[in-house]
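Everything on this sheet refers to the single structure shown next.
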Amino acid sequence: MTQNIAELQGIASQVRRDVVRMVHGCQSGHPGGSLGCTDYLVALYFAIMKHDPSFNMDGEGEDLFFLSNGHISPVFYSVLSRSGYFDKAEMATFRKLNTRLQGHPTTHEGLPGVRIASGSLGQGLSVAIGAALSKKLNGDGRLVFTLHGDGELQEGQIWEAAMFAPHNRVDNLISCVDVNGQQIDGPTKVVLSLGDLHAKWTAFGWEVMEMKGNDMAAVVEGLHKAIGLSGKGKPVMILMQTEMGAGVDFMMGSHKWHGVAPNDAQLQEALNQLEESLGDY
């Protein structure tokens, strides 16, 4: 665990290299959102959460994380591997036959760090609420974290869970929405406008805050602020402003790279922009 921002930035650069290499290696996957959420996941696993890479599914006495927008699995797998859950060489099997690193995370392969299957959007918040309530029943004071895409908020189950958590005072839950304004079919405001998310979540009874998601210092500070807001009777929602494709200039600014793999030349161009800080797999 580290609070050194420069060290965290170095880890994030390596994770971004892993992401583009994994997606290139199988010519399939979702680099855009993975790159946008890299700083958040690196901060969470390397600076914020108390977690054990030896991995126990129950996670007693640990903070738990649930990835709800499971299509950004490349960044999740990289962060799990780089923080000790499984050997980094396994990243080379991403989306290949008989791999544990499926395109969307699943549990039946027994990949350490994965607690739910999250291929279908909209379900992660409900699962996380159940885990958070279980911790309360067990007298476990640790926290539950979730990550969601902004396009995912178009799923109705999200809003059922959004009502349930404040009603039941699930105040050991810190959720985060990646607000990048993009989804696979185009800008969210064009596909189905989300309106005023801050007002919506506030109206549902959440403690709502915002943070910049591609500034490591801001992410670490924001997560500490969120922890400070927990335990006060309300679940916490972080609206995290990110850029899809962050860290690779030609992938930023549109939905084009939501689910497209780079070719050989594009991979090299991306790697030229990203420091190899921990050694490639």
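The values are calculated or read from the model by the stated rules, or taken from the named source; none is laboratory data. Given the structure is predicted, the values throughout are model-derived calculations rather than measurements. Backbone-built Cβ (ideal geometry, glycine too); neighbour counts: all protein chains shown. When the accessible area is computed, the model is the full protein with side chains, heavy atoms only, and any ligands, DNA or RNA have been set aside. Shrake-Rupley method; radii C 1.70, N 1.55, O 1.52, S 1.80 Å.
Points worth noting:
- Residue in segment 234-255 that is of a type outside the set (G, A, S) and at pLDDT below 95 present: yes
- Some residue of segment 155-162 being aliphatic (A, V, I, L, M), crowded, with 18+ Cβ neighbours inside 10 Å and free of Cβ contacts under 8 Å to residues at least 40 places away in the same chain: yes
- When restricted to residues that are within 20 Å of Q123 (Cα to Cα), open to solvent by 10 Å² or more (accessible area, probe 1.4 Å) and either in contact with a strand residue (DSSP E or B) (Cβ under 7 Å, 6 or more places away or on another chain) or acidic (D, E) (or both), segment 189-220 contains 1.
- Residue that is surrounded by the most Cβ atoms within 10 Å (Cβ to Cβ), among those in segment 222-255 that are of a type in the set (D, E, K, R) and without any contact (Cβ under 8 Å) to a residue 60 or more places away in the chain: K225
- One residue stands out among those in segment 1-46 that are in contact (Cβ under 8 Å) with a residue 12 or more places away in the chain, of a type outside the set (V, I, T) and not in a helix (DSSP H, G or I): the one that is farthest from S68 (Cα to Cα), which is Q3.
- In the set (1) more than 19 Å from the chain's Cα centre (by Cα); (2) at positive phi, the condition left unmet by G181 is number (1).
- Answer residue from segment 264-281, given it is in contact (Cβ under 8 Å) with a residue 12 or more places away in the chain, in a loop (DSSP other than H, G, I, E, B) and open to solvent by 50 Å² or more (accessible area, probe 1.4 Å) and is nearest to G36 (Cα to Cα) among those: Q273
- Considering residues of segment 88-105 that are more than 20 Å from the chain's Cα centre (by Cα) and part of a loop (DSSP other than H, G, I, E, B) only, the residue surrounded by the most Cβ atoms within 10 Å (Cβ to Cβ): T99
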